[in-house]
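*Asks:* Sending over a structure as structure tokens; questions will come in a sec.
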4 protein chains.
Amino acid sequence: MIVVMRPGATREEVLSVCRRLEELGFRTHPIYGQEKTVVGAIGDKRALSSEAIVNLPGVEKVVPILKPYKLVSRELKDTSTIVRVGEIPVGGRGIVVMAGPCAVESEEQLLSVARFVKAAGAHILRGGAFKPRTSPYAFQGLEEEGLKMLARARQETGLPFVTEVVDTRDVALVAEYADALQIGARNMQNFRLLQEAGATGKPILLKRGFAATVEEWLMAAEYILDAGNPNVILCERGIRTFEPATRFTLDLSAVAVVKENSHLPVIVDPSHGTGSWKYVLPLARAAVAVGADGLLIEVHPDPARALCDGPQSLHPETFDRLMGELTPLAVAVGRDWVTSGSMAG
Amino acid sequence: MIVVMRPGATREEVLSVCRRLEELGFRTHPIYGQEKTVVGAIGDKRALSSEAIVNLPGVEKVVPILKPYKLVSRELKDTSTIVRVGEIPVGGRGIVVMAGPCAVESEEQLLSVARFVKAAGAHILRGGAFKPRTSPYAFQGLEEEGLKMLARARQETGLPFVTEVVDTRDVALVAEYADALQIGARNMQNFRLLQEAGATGKPILLKRGFAATVEEWLMAAEYILDAGNPNVILCERGIRTFEPATRFTLDLSAVAVVKENSHLPVIVDPSHGTGSWKYVLPLARAAVAVGADGLLIEVHPDPARALCDGPQSLHPETFDRLMGELTPLAVAVGRDWVTSGSMAG
Amino acid sequence: MIVVMRPGATREEVLSVCRRLEELGFRTHPIYGQEKTVVGAIGDKRALSSEAIVNLPGVEKVVPILKPYKLVSRELKDTSTIVRVGEIPVGGRGIVVMAGPCAVESEEQLLSVARFVKAAGAHILRGGAFKPRTSPYAFQGLEEEGLKMLARARQETGLPFVTEVVDTRDVALVAEYADALQIGARNMQNFRLLQEAGATGKPILLKRGFAATVEEWLMAAEYILDAGNPNVILCERGIRTFEPATRFTLDLSAVAVVKENSHLPVIVDPSHGTGSWKYVLPLARAAVAVGADGLLIEVHPDPARALCDGPQSLHPETFDRLMGELTPLAVAVGRDWVTSGSMAG
Amino acid sequence: MIVVMRPGATREEVLSVCRRLEELGFRTHPIYGQEKTVVGAIGDKRALSSEAIVNLPGVEKVVPILKPYKLVSRELKDTSTIVRVGEIPVGGRGIVVMAGPCAVESEEQLLSVARFVKAAGAHILRGGAFKPRTSPYAFQGLEEEGLKMLARARQETGLPFVTEVVDTRDVALVAEYADALQIGARNMQNFRLLQEAGATGKPILLKRGFAATVEEWLMAAEYILDAGNPNVILCERGIRTFEPATRFTLDLSAVAVVKENSHLPVIVDPSHGTGSWKYVLPLARAAVAVGADGLLIEVHPDPARALCDGPQSLHPETFDRLMGELTPLAVAVGRDWVTSGSMAG
């Protein structure tokens, strides 16, 4: 780290910063400039936050040099990680499509979507049994009953499924049924949930908090890897900005930033990211073009009657059109298209 | 709600929207304009989200007319709520100061701060035993041992205490010790935690999520009131913006917005809101002037050696200066100054 | 527009709102609900802002129903506009690439880039002669000398050029040389400059302000169309958010929103949008996939010695790689690739 | 500046960075760490942006150590600057109130407001003759006729006035009439306008752009000081965030940040900052408490019929109440209350 001293800091203040850094195990290199002095501190002390130094007399600011994450970093592991959900590899050359309804509403609704997305070429089924809802008066999910329906849909279609977990007390139950556990945006910094879900060893689909920086998102993944579970799939789903035309602002640059700094696979959710089915197709195309490893798409047999997120859910026929558009695009950007057929074979 | 039809929507589409609204229990009033038709829908259906309508053919958008919250609303209850933490009334004419270290680090550290803030006039002790930390490598709190130290500090100083709970599984334990439970910004939409904490009946200090709108914050409070617990104290602690000069941007307008729309008390945390002890004094003054019912302030006997949030913690002597500045200010804005003495009496 | 009355508004207040609206030329339809009354107001009064009503006694808020823009709207003109820069059509089936240095630094620098980008297949040359710089101590541009160099580069390569204008007093001069005038992000709401540049009749490349909503951006274009000039090309170049990993957050959803609401062509600037050459390629691909009509790319023969925006400028060989990647992508999303050759022919 | 090399950067790359820095006039100090090497560069080269270095092979990032501004900085000039508008000192112990209508609409409207705000104790009259409006269809101001009305109002009331200038071509005209020139938020980075207005030597009221960082705002002021004009008054007027409850988010922390880093006076505009007259009083109080040197307040004799910004304009009687509230508050925070009477004497 680099400690920048205020203009006019005394030599005694500089020496005192050096002594404190040395106490903490760093070697120090003060550099005396014309207006300001800086102290270079050498040593790998990720756990030490800059807070231990910034309050010493004469210190203006502390500039960290090392990234705060380690296990998720491409500096530690340069080859891209492939996470398997059921038999489906996420993070390889194929683009993986996870599709299904926002919430599991009934066995009939779920099975009809599952059959449809399977036929259209999706690889993984998604659907919520435990729903975090902004309003206490909104539909909160079918809970274990929903998990059972998801398991039956898997049995019938062969699609593995991912579903959200929102409470540490439900982790074991959800892990009993699901092929992968989703941590939603609102829980990205629910660190106990990260640890508990991580400890199951199941693949974790970690959505970015809508006000989380990429660095904080990677730190959340670091919690899971630090709990001994390397199977993390990151998911960009839009951040909150001043622009009201879309529900969130999908941050596709974040995919490129993650790919540069981490070995973990990253997918994109254009349904939540835009909040409107009309924008799902163009943004799904853009996500594949920017380098995402897959997509998470909401599909509902009758969006106008969905209990949750209807406005952003695709009609089955629109989903089919999306799948048709993605195939040539994936090839054009040098990716394989993982067809459902190749998965079954 | 008002349903706005697209330009060119057919009369059949308008009728079909009316039929669907009537099915859902609304009375409808179509208004045919020159370019667009709108349909007014009358009926109190808060639980019904606009999603049920917005996907119907010909619909451009749905504009809600009623606010989504009810129990926290000043429309329901016009008199300001006073929440008692121990014997201390929050939300009355007095300005309440809650102060203490970010994290409980040791009995010695806690007691020294507790004695100090008591002497300086604070009314409630704060301190974290369970800490949500961005990095898995940072200090995570003393857990139950920390709660016991807080209880001893209460016994010695007479100050009731508030402390954070981060996991549904810890709620009962924390509630056994604490006078009030804090829900942190990162958990504002951890709805299970809201329900579980709400169910204890203890006062809840509900921090605003750093990317939550005021409406979402009030909806989170609605979860707690809906769980049967009216004792919610809101706490503004800064939102995330593009400005890097402060750690967050303290949104003092939000205090005025809350006061207009809700009967709940609202306090301000300038320590987290600015991230720098240098800015705590001016922003604490501004919080009192804007109409906040109290302050949450981090104080540490030796900020340069704090295990958490040192840069934003006040030295005891700076805290003392703050308390001195606030007294005439409270009077100037027509508030009483709840002195520690009057509490003891 | 819809006027929402406060709960408890009196019948006299409602009638008074109706009278005021009728004075202003609207027909009114009050709807009396259980908690609130709303008044529908019919009539096309775009010039009338809601401000005339919102302050009347008993009014809670006013919800506009019509969009504030008209001339740029797809509701007015459903066919996509094609703007010609020199001979190059922008907004048709071809993807148009505008490339060149941030600033014109010397004739040698400019010509070398111009020859290179022409050979790689770019269609339009870009380069700044008048530079708006955050610091008064930074290079401010070669002014008219730079315009002359751009004209010589056009003569040699056949590429038309676009260049920025920053002062109403320079508009005539710049229009004398340039094929298209750029209005930069910082001047998007410099309404006098919009009017003056619009009045030249030259094509206007209108960058989105980095804190402008899509609606405000379209309103800025409306100023130019209202000045009698239909030749506006919109350019998304990133918005300001809390995320520090990129210089701005490129808002590719905005391209889809513009395409839905306006007939104007829209291009994307991934160089400014990300601030880092490493991210230009993936985001340029994403821009084409999302449906942009073209790209604006910074290229410099020696980015490490550029006087402006070096970090986001592509080396010529990287630009060449980009052009190679875009060709199959354009075809995969159903666009023609406007090759330089086809332009010359 | 500190140059951080990538992990794995070669010794040759480090030496090459050192050579380039030395060419540019710096002395260099490489520090070899375990994972990364950093190079400290000593020398005062504000004009040199980090761009010259960041693109060299092996460089990860460049961290500036010196602030980019100089003339506005408290490091250069530690005593607070007092700017005189007419006879009124801004930046001293007194709190200065500038009040008046958003736009000058007629002589009658202006005079009635001017007399009123004078009587209520305001020190400076404000009013717009040239209006930057988001819509080309909105009222654009009375131009020179408006300036003449402002001059007549000054003559009658003795209040000096500040008014906005939006075009370099109008600067001389506006300066002929006005006591101070306002640069609006949308023009904060209209650098030509800054230079031209600065060159008049008149006091400049520089509003913060609604997406400008405090550092960019101070850089804009630096343009004016660099043009030889030290009379700059900064004005915080709200930034754009995700929160829709207020039109902008008033950033009162920015006042504290400016006071720490610059010697220039800073005032606050709660009218634009909140967009709603209901919030003007509490935020005006907060602005005084946080340490602002003054306020800019919109007042209109009949807000419901204002041609501009009616919703945020105060009725005269509300303005009177505000002035009454501010007096004890100013005293409570150790400021004088500059009464209109003391000014006249």
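The values are calculated or read from the model by the stated rules, or taken from the named source; none is laboratory data. Remember, predicted model here, so these are calculated numbers, not experimental data. With ideal geometry, Cβ positions are generated from the backbone for all residues, glycine too; neighbour counts draw on all protein chains shown.
*Asks:* In the set C:Ile239, C:Ile204, which member is within 13 Å of the chain's Cα centre (by Cα), modelled with pLDDT of 95 or more and within 11 Å of chain D (Cβ to nearest Cβ)?
*Replies:* None of the others qualify; the one that does is C:Ile239.
*Asks:* What number goes with the only condition from (1) in a loop (DSSP other than H, G, I, E, B); (2) surrounded by 18 or more Cβ atoms within 10 Å (Cβ to Cβ); (3) touching a residue at least 24 places away in the same chain (Cβ under 8 Å) that B:Ala114 does not pass?
*Replies:* Result: B:Ala114 passes all but (1).
*Asks:* Further question on the same structure: Every residue in segment D:141-165 that is farther than 18 Å from D:Gly86 by Cβ and surrounded by 19 or more Cβ atoms within 10 Å (Cβ to Cβ), please.
*Replies:* Once the filter is applied, which keeps residues that are farther than 18 Å from D:Gly86 by Cβ and surrounded by 19 or more Cβ atoms within 10 Å (Cβ to Cβ), segment D:141-165 yields D:Gly141, D:Leu142, D:Gly146.
*Asks:* Filter segment C:283-314 down to the residues that are assigned to a loop (DSSP other than H, G, I, E, B) and of a type in the set (D, E, K, R), then identify the one that is modelled with the lowest pLDDT.
*Replies:* Only one residue tops the list, namely C:Asp309.
*Asks:* Of the conditions (1) touching a residue at least 40 places away in the same chain (Cβ under 8 Å); (2) out of contact with any Phe, Trp or Tyr (no Cβ under 9 Å at 6 or more places or on another chain); (3) within 9 Å of another protein chain (Cβ to nearest Cβ), A:Glu222 clears all except one; give me its number.
*Replies:* Result: A:Glu222 fails condition (2) only.
*Asks:* May I pose another question? What pairs come up if the first residue lies in segment D:154-173 and is over 23 Å from D:Gln189 (Cβ atoms), the second is of a type in the set (Asp, Glu) and not in a helix (DSSP H, G or I), and their beta carbons are under 6 Å apart, counting only those six or more places apart or on different chains?
*Replies:* D:Pro160/D:Asp179; D:Phe161/D:Asp179
*Asks:* A further question on this structure: How many of the residues in segment C:64-74 are modelled with pLDDT under 90 and crowded, with 16+ Cβ neighbours inside 10 Å?
*Replies:* 4
*Asks:* Have a look at A:Ile88, A:Ile82 and point out the one that is among the aliphatic types (A, V, I, L, M), surrounded by fewer than 19 Cβ atoms within 10 Å (Cβ to Cβ) and at pLDDT 90 or above.
*Replies:* Of the residues listed, the single one that is among the aliphatic types (A, V, I, L, M), surrounded by fewer than 19 Cβ atoms within 10 Å (Cβ to Cβ) and at pLDDT 90 or above is A:Ile82.
*Asks:* Still on this structure, I have one more. Being more than 22 Å from D:Met219 (Cα to Cα) and modelled with pLDDT under 95 narrows it down to one of D:Lys131, D:Lys77, so name that one.
*Replies:* The unique qualifying residue is D:Lys131.
*Asks:* How many of the residues making up segment B:287-301 are farther than 22 Å from B:Val104 by Cα and charged (D, E, K, R)?
*Replies:* Summing the residues that are farther than 22 Å from B:Val104 by Cα and charged (D, E, K, R) in segment B:287-301 gives 1.
*Asks:* Of the residues A:Leu281, A:Leu295, only one is touching a residue at least 60 places away in the same chain (Cβ under 8 Å), within 24 Å of C:Leu252 (Cα to Cα) and not β-branched (Val, Ile, Thr); which?
*Replies:* Within the list A:Leu281, A:Leu295, the selection yields A:Leu295.
*Asks:* Filtering segment C:285-305 down to residues that are more than 19 Å from C:Val85 (Cβ to Cβ) and buried (at least 24 other Cβ atoms within 10 Å of the Cβ), which residue is farthest from the other protein chains (Cβ to nearest Cβ)?
*Replies:* In this case the residue turns out to be C:His300.
*Asks:* Do we find that B:Val280 is under 22 Å from B:Thr163 (Cα atoms) and either assigned by TED's automatic domain parsing to the domain that holds B:Glu236 or part of a loop (DSSP other than H, G, I, E, B) (or both) in this structure?
*Replies:* yes
*Asks:* With respect to A:Ile42, determine if the residue is modelled with pLDDT under 85 and farther than 23 Å from B:Pro303 by Cα.
*Replies:* So A:Ile42 fits the description; yes.
*Asks:* Looking for something without any contact (Cβ under 8 Å) to a residue 24 or more places away in the chain, of a type outside the set (Val, Ile, Thr), over 30 Å from A:Ile297 (Cα atoms) and in contact with a Pro (Cβ under 6 Å, 6 or more places away or on another chain) - is there at least one such residue anywhere in segment A:27-38?
*Replies:* no
*Asks:* Let me ask you something else. Only residues that are surrounded by 19 or more Cβ atoms within 10 Å (Cβ to Cβ) and at pLDDT below 95: list them for segment D:315-324, please.
*Replies:* D:Pro316
*Asks:* Cβ-Cβ under 6 Å, sequence separation 6+ or interchain: first residue in segment C:259-272 and farther than 23 Å from C:Leu71 by Cβ, partner among the polar types (S, T, N, Q). Which pairs?
*Replies:* Going by the 6 Å Cβ cut-off, the qualifying pairs are C:Ser271/C:Gln312.
*Asks:* So, of the residues in segment C:178-203 that are polar (S, T, N, Q) and crowded, with 24+ Cβ neighbours inside 10 Å, which turns out to be farthest from C:Glu144 (Cα to Cα)?
*Replies:* C:Gln189
*Asks:* Please state which one of B:Val85, B:Val97 is out of contact with any Leu (no Cβ under 7 Å at 6 or more places or on another chain), touching a residue at least 40 places away in the same chain (Cβ under 8 Å) and of a type in the set (A, V, I, L, M).
*Replies:* When all the criteria are applied, what remains is B:Val85.
*Asks:* Return the total of residues in segment A:315-339 being in a loop (DSSP other than H, G, I, E, B), under 30 Å from C:Thr327 (Cβ atoms) and within 12 Å of another protein chain (Cβ to nearest Cβ).
*Replies:* The qualifying residues number 3.
*Asks:* So A:Lys259 passes all but one of these: (1) under 15 Å from the mean Cα position of the chain (by Cα); (2) crowded, with 24+ Cβ neighbours inside 10 Å; (3) not polar (S, T, N, Q). Which condition number does it fail?
*Replies:* With (1) under 15 Å from the mean Cα position of the chain (by Cα); (2) crowded, with 24+ Cβ neighbours inside 10 Å; (3) not polar (S, T, N, Q) applied to A:Lys259, the lone miss is (2).
*Asks:* To continue, here is another question. What do you reckon, is D:Asp170 surrounded by fewer than 24 Cβ atoms within 10 Å (Cβ to Cβ) and within 17 Å of the chain's Cα centre (by Cα)?
*Replies:* no
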